[in-house]
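Chemist: Below you will find the structure I want to go over with you.
Every number in this text was worked out from the coordinates using simple rules, so none of it is lab data. If you're wondering where the values come from, they're calculated on a predicted model, not measured in any experiment. Cβ placement follows ideal geometry from the backbone for every residue including glycine, while neighbour counts extend to all protein chains displayed.
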2 protein chains.
Amino acid sequence: MKPKLRVAMAGAGFASGLHLAGWKRVANAEVVAICDPRQEKAAERAREFGVSAVFHHAAAMLAEVKPDALDVVAPMHMHVPLCLLAADRGVHILCQKPLAPSLAEARDLSRAIHGKVRLMVHENWRFRAQYRRLRSWLDAGDLGEPVSSIMQVHSSGLLEDQAGVLPQLVRQPFFAQLERLLIGEVLIHHLDVLRWLLGPMRVAAVRTGRLCAAVKGEDHAVILLEGQKRWALLDGNLATPGAPPTPSDRLELVGTKGTALFENNTLQLRGAREETVEFDLVAGYGDSYAAAIAHFATALATGAAFETDVDENLQTLALVEDAYATARPLQVA
Amino acid sequence: MKPKLRVAMAGAGFASGLHLAGWKRVANAEVVAICDPRQEKAAERAREFGVSAVFHHAAAMLAEVKPDALDVVAPMHMHVPLCLLAADRGVHILCQKPLAPSLAEARDLSRAIHGKVRLMVHENWRFRAQYRRLRSWLDAGDLGEPVSSIMQVHSSGLLEDQAGVLPQLVRQPFFAQLERLLIGEVLIHHLDVLRWLLGPMRVAAVRTGRLCAAVKGEDHAVILLEGQKRWALLDGNLATPGAPPTPSDRLELVGTKGTALFENNTLQLRGAREETVEFDLVAGYGDSYAAAIAHFATALATGAAFETDVDENLQTLALVEDAYATARPLQVA
């Protein structure tokens, strides 16, 4: 049996709990250290998940622990420096999305680490069970040739709840400061899913706006994408009255032979073949993190390609970049 | 009591039955004559609805019967000549959509009849009970300021059914020959509804394609519209697997205070105020024709403005024209 993969984690914030729980489900791996400038946060996570070493600085952690891999769950502006640090020490990298603040910085990073270490972007959305199932239907030809798709992401997270607070900012306070909010932080997942399901797409038109005065970036957006043979629309709004406080996805995909609809917790295939599958979205949320992490660990062990390696992910980042470059403002009174 | 409005009808095809049934429900009006080049068709409709006079030519009908109004239900290329004929005789006009084959011809018609007679375009979609209700919610402020809307029109009418026929072409054979099919003949209704609900919009992006080899025009299309403060998407496809053979509408409207969803036969308001209303779509189909006809008769009697008078309708036709001018093709293998 191969020795256990020894993993260090950089970042002890919101997503680190999901990552640590994911690593617990990988048999042949162990998170051996965690670091965070807020060392008490790191210590708390370490206690919670039985991580033996806690550090203030990533550099010290890497030097002392000498892990096989670094899991980067730190704030986005720290991704590039942390990845470069790991690459210099020959430590493979699993890095949260978005990989870098801009496409240019992500490309620079890709070049800098080339040939030194392997890097997978932790893009968990496409690992969600409902999208895996939909992809299997596409691969089996159940939908025929895709013609169009509408993906919607709505929440009321930036509308005051009954207690007078904005649930989205309670859950992820850093959302308030992001200049690139909805597309760069949230819809990046959905752009990745659409690319993955439908093949290469380009940005045809984008409109963005801001409804909530407590955030800096756009909180609603519409992105029209087109491929050579199809179009897709991505519609997001974090200030939708009547929507749940946490964003939820709705995805409709029309093909030449079948139509698929994912809504609430149900994925439905209609047309030549019919099938309905229900998903446990609460469990599925953690499962998608675990699936991405398991993919990383397995591909590292076997040498297989990462599904979301750095060059593949650059294509998703290019859509994000194009979306912002194309965006025209919608002003809502 | 005022004398009955005496109406002549030009055209005895598909829609004439719906019009005649509509006129039956207007107390103070009577269809006194019907004409069609296929005189046996006209005779059949006359028997069915108790119309006393049947003609081959509209000119002869107008000369002999001297009606107060002409209801134009003839094929679209006959609209302009029939309207001009009526205008020359001082006969007011209710004309089916699309008013003319192009915006330029509709504008010419508007100028030609100006000051002679009144013309209402029979645009029945906005008279559907579900859209009247939605409009009343908007007017009452239940939705706040509209932010976005997605309207979808899908059918499997251009996919072979189990008997190997295309249901849409059985129902309306002329669809096969239209160069401007989906947008010009079908989505024109929905463009009118969106304009009416959301205010002035312009065309931002359009993609069209053809999936069915038995038609000449586009059978699927996506139209992105934008207003100063909002966007709307219109998504149509007559070859959607799993959809019903007759097109059905789905409409979602997100505002700053509420969200409305019309799906299947149910209109739902969520947000600040919540309400759910069910509609009888089968009865509603005829009702919307009757409501448009009743509006025409009432406005003629009272002198009130037509909601869909010729100049108002030119704005919908301008969207159709812009959509075709903007359209870029999607080729589906």
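Chemist: Along Cα-to-Cβ, 7 Å out, sits the label point; list in nm, shortest first, how far the one on A:THR246 is from those in the other copies.
Modeler: In nanometres, ordered from closest: 4.2.
Chemist: Let a ≥ b ≥ c be the square roots of the eigenvalues of the Cα gyration tensor of chain A; is it rounded (a/c under 1.5), or, if not, prolate (a/b larger than b/c) or oblate? It would help to have the intermediate numbers written out before the result.
Modeler: Details: a/c = 1.63, a/b = 1.34, b/c = 1.22.
Prolate.
Chemist: Going by Cα centres, the range B:31-92 and the range B:282-333 are how many Å apart?
Modeler: Computed from Cα coordinates, the inter-centre distance equals 21 Å.
Chemist: On to the next question. Which one of B:GLY11, A:HIS92, A:ALA8 has its Cα pushed farthest toward the positive end of the charge dipole of the protein assembly as shown, where Lys and Arg give +1 and Asp and Glu give -1 at the Cβ?
Modeler: Farthest towards the positive end: A:HIS92.
Chemist: Listing B:MET78, A:MET201 from the residue with the fewest other Cβ atoms within 10 Å to the one with the most, what is the order?
Modeler: Starting with the residue having the fewest Cβ neighbours, the order is B:MET78, A:MET201.
Chemist: Need one value for A:257-263: mean number of C-beta atoms belonging to other chains within 10 Å of its residues' C-beta atoms.
Modeler: Details: counts 3, 3, 7, 1, 1, 0, 0.
Averaged over the peptide's residues, the number is 2.
Chemist: Given points 7 Å out from each Cα along the Cα-Cβ axis, report the A:LYS66 to A:GLU145 separation in nanometres with one decimal.
Modeler: 5.7
Chemist: Another question, if that's okay. By its C-alpha gyration tensor, with a ≥ b ≥ c as the square roots of the eigenvalues, how is the protein assembly as shown shaped: rounded for a/c under 1.5, else prolate for a/b larger than b/c, else oblate? Don't jump to the answer; show the numbers that get you there.
Modeler: On the way: a/c = 2.98, a/b = 2.47, b/c = 1.20.
Verdict is prolate for the protein assembly as shown.
Chemist: Sort the range A:221-318 into rounded, prolate or oblate with this rule: let a ≥ b ≥ c be the square roots of the eigenvalues of the Cα gyration tensor; rounded if a/c is under 1.5, and if a/c is not under 1.5, prolate when a/b is larger than b/c, oblate otherwise.
Modeler: rounded
Chemist: If packing is taken as the average number of other Cβ atoms within 10 Å across a peptide's residues, how do B:7-14, B:161-168, B:30-37 rank, most packed first? Mind showing how you got there, number by number?
Modeler: Details: B:7-14: 25.0, B:161-168: 13.4, B:30-37: 23.0.
Ranked by mean Cβ neighbours within 10 Å, highest first: B:7-14, B:30-37, B:161-168.
Chemist: Contact order normalised by length for the range B:200-333, with contacts defined as Cα pairs under 8 Å and 6 or more residues apart; what percent is it? Mind showing how you got there, number by number?
Modeler: On the way: 163 pairs, mean separation 32.0, N = 134.
With pairs under 8 Å counted, the relative contact order is 24 percent.
Chemist: Tell me, B:ASP235, B:ASP108 in order of fewest to most beta-carbon neighbours within 10 Å? Intermediate results must be reported in sequence, preceding the final value.
Modeler: Details: B:ASP235 24, B:ASP108 14.
Listed from fewest to most nearby Cβ atoms, that is B:ASP108, B:ASP235.
Chemist: Same structure again: Largest first and to the nearest Å, give the Cα extent of the range B:5-117 along each principal axis.
Modeler: 38, 26, 24
Chemist: Here's another thing I want to ask about it. From the label point of B:GLU48, set 7 Å along Cα to the beta carbon, how far off in nm is each other copy's matching point, shortest first?
Modeler: 7.0
Chemist: What percent antiparallel are the DSSP beta bridges of chain A, to the nearest 5?
Modeler: Rounded to the nearest five, the antiparallel share is 55 percent.
Chemist: Averaged over peptide A:213-226, how many Cβ atoms belonging to another chain are found within 10 Å of each residue's Cβ? Walk me through the intermediate numbers first.
Modeler: Values: counts 0, 0, 0, 0, 0, 0, 0, 4, 2, 9, 0, 8, 0, 5.
Counting Cβ atoms of other protein chains within 10 Å of each residue's Cβ and averaging gives 2.
Chemist: Taking a cut-off of 17 Å between Cα atoms, list the lysines near A:LYS66, but don't count ones fewer than 8 places away on the same chain.
Modeler: In chain and number order, the partners are A:LYS4, A:LYS116.
Chemist: In the protein assembly as shown, what % of DSSP beta bridges are antiparallel (nearest 5)? Present the calculation step by step, with values, prior to reporting the outcome.
Modeler: Details: 74 of 134 bridges.
Looking only at bridges with both residues in the protein assembly as shown, the antiparallel portion is about 55 percent.
Chemist: Based on the Cα atoms of the range B:97-136, what semi-axes does the equivalent ellipsoid have, where each is the square root of 5 times one gyration tensor eigenvalue, given in whole Å with the largest first? Please list the in-between numbers first.
Modeler: Details: eigenvalues 146, 31, 10 Å².
Calculated on Cα positions only, the semi-axes equal 27, 12, 7 Å.
Chemist: Helix-derived [θ] at 222 nm for chain A: sum -39500 (n - 2.57) over DSSP H runs of at least 4, divide by residue count, nearest 500? It would help to have the intermediate numbers written out before the result.
Modeler: Details: 10 runs with 116 residues, N = 333.
After summing the helix terms and dividing by the residues of chain A, the value is -10500 deg cm²/dmol.
Chemist: With respect to the axis carrying A onto B, what is the closest chain A residue by Cβ position, and how many angstrom separate it from the axis?
Modeler: Axis relating chain A to chain B; nearest Cβ residue and distance: A:ALA205, 2.
Chemist: Arrange the peptides A:272-279, A:310-317, B:100-107 so that the one whose residues have, on average, the most other Cβ atoms within 10 Å appears first. Write down the numbers at each step before the final one.
Modeler: Numbers: A:272-279: 13.4, A:310-317: 20.5, B:100-107: 18.0.
Output ranking for A:272-279, A:310-317, B:100-107: A:310-317, B:100-107, A:272-279.
Chemist: Find how many whole Å separate the alpha carbon centroid of the range A:133-186 from the alpha carbon centroid of the range B:115-160.
Modeler: Computed from Cα coordinates, the inter-centre distance equals 28 Å.
Chemist: Moving to a separate point now. Measuring label to label, 7 Å along Cα→Cβ, what does A:LYS229 give against each other copy in nm, shortest first?
Modeler: Here A:LYS229 shows inter-copy label distances of 4.3 nm.
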